[in-house]
Amino acid sequence: MRICVTGLGVTLDAASILSGVDLEITPGSFTGLAGPNGSGKSTLLRCLYRALRPSAGVVRIGDEDVWRTSARRAGQRTAVVAQDHGLEHGFSVLDMVAMGRIPHQGAFDRDTAADRDLVHAALERVGLGWAAGRVFASLSGGERQRALLARALTQQTPVLLLDELTNHLDLGAQLELLELVRELGLTTVAALHDLDHALAYCDHLILLSHGTVVAAGPPEQTLTPDRVAVLFGVRSAIVAHPLTGRPHLVTAPTEPAPAERDSLE
């Protein structure tokens, strides 16, 4: 499902957080949002899933303005794994994941056998079938991320929005979940901290800085050495990964200026 963002702006406490953001995300693509801390990645995502009303501009998912439709309708089209979730201490993992079915149910509907099957299948898919009876708050940070992804999968939406999905995950789990997300074939927008992950898994990459889009396109064309140096303060190069053959971003600290080198000698 296509996502179109036109003229998006967010102002909070008289400070401009996003300004003039225009995006078009094609159906079924995996699009990454990258940029330094404070560049506006999470704010942009929050506008897409109706957690923060923009000060200007329009967000359309399919042919609908997300801010002119109901929350229930939005929940049938867009699933979210956000960073700032509450721990919701009283719920089991099973109950948490079952909440993904709420947008598809009436106010007084109970879970059906089909709903329960979807919940268990989602837990198995993210490797948490064993944890269904555990209290959600008792899980590790990485396990909670997996449970929240399972909840998103049970919504069965065409759009998936991810805010730093791989936070708190060990290296193997990071790669496993990114592979899983890519295989889903959903229209996915993910805020990513790791540029090498963006390069390896995204079809399209949007670079943000100070609330504006500074570059957008295929990751290999977007992550140029000059852009990476300006935005992140490191040297970089794209090479073929020796194990997978995929593009791989290698980085190194910037070289000291000549005067700095002289002072070190």
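Quick rundown of the values:
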item: Selection from region 48-76 of residues that are over 18 Å from the mean Cα position of the chain (by Cα) and under 19 Å from S16 (Cβ atoms); result: R53, P54, S55, A56, G57, V58
item: Long-range neighbours under 8 Å by Cβ, at least six apart or interchain, first residue more than 14 Å from A152 (Cα to Cα) within region 116-137, second hydroxyl-bearing (S, T, Y) and assigned to a helix (DSSP H, G or I); result: none
item: Tabulated pairs, region 230-259, first more than 19 Å from Y201 (Cβ to Cβ), second modelled with pLDDT under 90 and among the aliphatic types (A, V, I, L, M), C-beta under 8 angstrom, 6+ apart or interchain; result: P256/L264
item: Subset of region 1-23 [more than 15 Å from T188 (Cβ to Cβ) and either of a type outside the set (A, V, I, L, M, F, W, C) or not in a strand (DSSP E or B) (or both)]; result: T6, G7, G9, T11, D13, A14, S16, S19, G20, D22
item: Verdict on Q76 being within 21 Å of H193 (Cα to Cα), out of contact with any Gly (no Cβ under 6 Å at 6 or more places or on another chain) and modelled with pLDDT under 95; result: no
item: Residues within region 114-144 that are crowded, with 21+ Cβ neighbours inside 10 Å, small (G, A, S) and within 21 Å of the chain's Cα centre (by Cα), tallied; result: 1
item: Meets criteria (touching a helix residue (DSSP H, G or I) at 6+ places or on another chain (Cβ under 8 Å), surrounded by 20 or more Cβ atoms within 10 Å (Cβ to Cβ) and closer than 24 Å to P219 by Cα) for G35; result: yes
item: Check on P54, of a type outside the set (A, V, I, L, M, F, W, C), in contact (Cβ under 8 Å) with a residue 12 or more places away in the chain and closer than 20 Å to A198 by Cα; result: no
item: Hey, V80 without any contact (Cβ under 8 Å) to a residue 60 or more places away in the chain and buried (at least 16 other Cβ atoms within 10 Å of the Cβ) or not; result: no
item: Residue satisfying all of: in region 35-59; among the basic types (K, R) and assigned to a loop (DSSP other than H, G, I, E, B); nearest to T188 (Cα to Cα) among these; result: R50
item: Failed item, numbered, when G32 is tested on (1) part of a helix (DSSP H, G or I); (2) in contact with a Pro (Cβ under 9 Å, 6 or more places away or on another chain); result: (1)
item: Criterion violated by L44 - all others in (1) under 16 Å from the mean Cα position of the chain (by Cα); (2) modelled with pLDDT under 95 satisfied; result: (2)
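Yes/no per residue for (1) in contact (Cβ under 8 Å) with a residue 12 or more places away in the chain; (2) surrounded by fewer than 17 Cβ atoms within 10 Å (Cβ to Cβ); (3) at positive phi:
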{"residue": "R146", "(1), (2), (3)": "yes, no, no"}
{"residue": "A150", "(1), (2), (3)": "yes, no, no"}
{"residue": "Q156", "(1), (2), (3)": "yes, yes, yes"}
{"residue": "L160", "(1), (2), (3)": "yes, no, no"}
{"residue": "D170", "(1), (2), (3)": "yes, yes, no"}
{"residue": "L178", "(1), (2), (3)": "yes, no, no"}
{"residue": "G185", "(1), (2), (3)": "yes, yes, yes"}
{"residue": "T188", "(1), (2), (3)": "yes, no, no"}
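The values are calculated or read from the model by the stated rules, or taken from the named source; none is laboratory data. The structure presented is a predicted model; accordingly, all values stated were derived computationally and were not measured. In this analysis, Cβ positions are derived from the backbone assuming ideal geometry, glycine residues included, and neighbour counts consider all displayed protein chains.
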